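The values are calculated or read from the model by the stated rules, or taken from the named source; none is laboratory data. Since the structure is predicted, the reported quantities are computational estimates derived from the model, not experimental observations. Every residue, glycine as well, gets a Cβ built from its backbone with ideal geometry; the counts of neighbours run over all protein chains shown. Keep in mind that these areas ignore ligands, DNA and RNA; they rest on the heavy atoms of the full protein, side chains included. Shrake-Rupley method; radii C 1.70, N 1.55, O 1.52, S 1.80 Å.
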Amino acid sequence: MKKPGWIRTFLIVACTAIFFQSSGAFCADPGEKGSSVNFALPTPDSAQTQTYLGLDAMKPFKVTDIRAKIVVIELMSARCPHCQANAPIMNDIYKMIRADSGLADVKVIAIAIADDKAGVETFKKQFKTPFPILLDESREITRSMTVRGTPTTMVVSTEDAEVLFTHPGVIPDADAFVKQVKFVKQLEAMGK
């Protein structure tokens, strides 16, 4: 039996909404939100990275040392096919943030889990990654938190290293993600 047009449209919209809810799109992971990321990050790989992050010296640093209000951190692996699929989306997020004067105090970095420098350099060249990718070869950083898989993208306050929200998996819409970052930044500015 053929369904009337409005029922079919309703079912498509409902299934789409369920898909985005189940994928975790822009939903804070209750196990992560509110936690802190107090791990040490490795020495920046270049003076350009040091300048972009506003760091005082070429030495290991913490999220709270970054001169920004918020930092978007993607936990990824150069060999992960989902991270490879997310690479162009993260590039778009970085470009949108850089182009928006209201987000001038937001930085983007990635942390490569268990990758070596050569693997990350190949990834950066292949995907033309414009933001810093820091190494976590020994998994010291990721052992200090719950990572359910890669990619996982966190939005973190640099004031207290508090995780404001996380997104597990490939980000379906760069524009919607950047709007969520703006919203969270506004809430932070209001002290909520």
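Which value in Å does the Kirkwood hydrodynamic radius of the stretch 61-102 take, with 1/r averaged over all unlike C-alpha pairs and then inverted? All intermediate terms of the calculation are to be shown ahead of the outcome.
Working: mean 1/r = 0.0829 Å⁻¹.
For the stretch 61-102, inverting the mean 1/r across all distinct Cα pairs yields 12.1 Å.
The 1.4 Å probe gives accessible areas that order Arg98, Arg143, largest first, as Arg143, Arg98. Of the listed residues Met190, Met90, the order by accessible area with a 1.4 Å probe, largest first, is Met190, Met90.
Can I get the semi-axes of the stretch 44-142's equivalent ellipsoid? Compute them from the C-alpha gyration tensor as square roots of 5 times the eigenvalues, in angstrom, largest first. Intermediate results must be reported in sequence, preceding the final value.
Working: eigenvalues 84, 61, 26 Å².
The answer is 21, 17, 11 Å, longest axis first.
Think of the stretch 67-188 as having a plus end and a minus end, set by charges on the Cβ of Lys, Arg, Asp and Glu; of Thr129, Val71, Gly102, Thr129 sits farthest toward the positive end of this dipole. One chain, two ends: Arg79 and Phe183. Fully extended at 0.36 nm per residue, the span grows by 34.2 nm beyond their Cα-Cα distance. Length gained on full extension, Asp116 to Met58, computed as 0.36 nm times the residue gap minus the Cα-Cα distance: 18.9 nm.
For the stretch 120-192, count all C-alpha to C-alpha pairs, find those more than 18 Å apart, and express that count as a whole percent of the total. Numbers along the way, then the final one.
Numbers: 1437 of 2628 pairs.
Looking at the stretch 120-192, the distances longer than 18 Å represent 55 percent of pairs.
Here the calculated FRET efficiency for Ser101 and Glu162, from their Cβ-Cβ distance with R0 = 22 Å, stands at 0.35, rounded to the nearest 0.05.
Under a 5 Å amide H cut-off, with hydrogens placed 1.01 Å from N, Ile133 pairs with Ala110 among residues at least 5 apart or on other chains.
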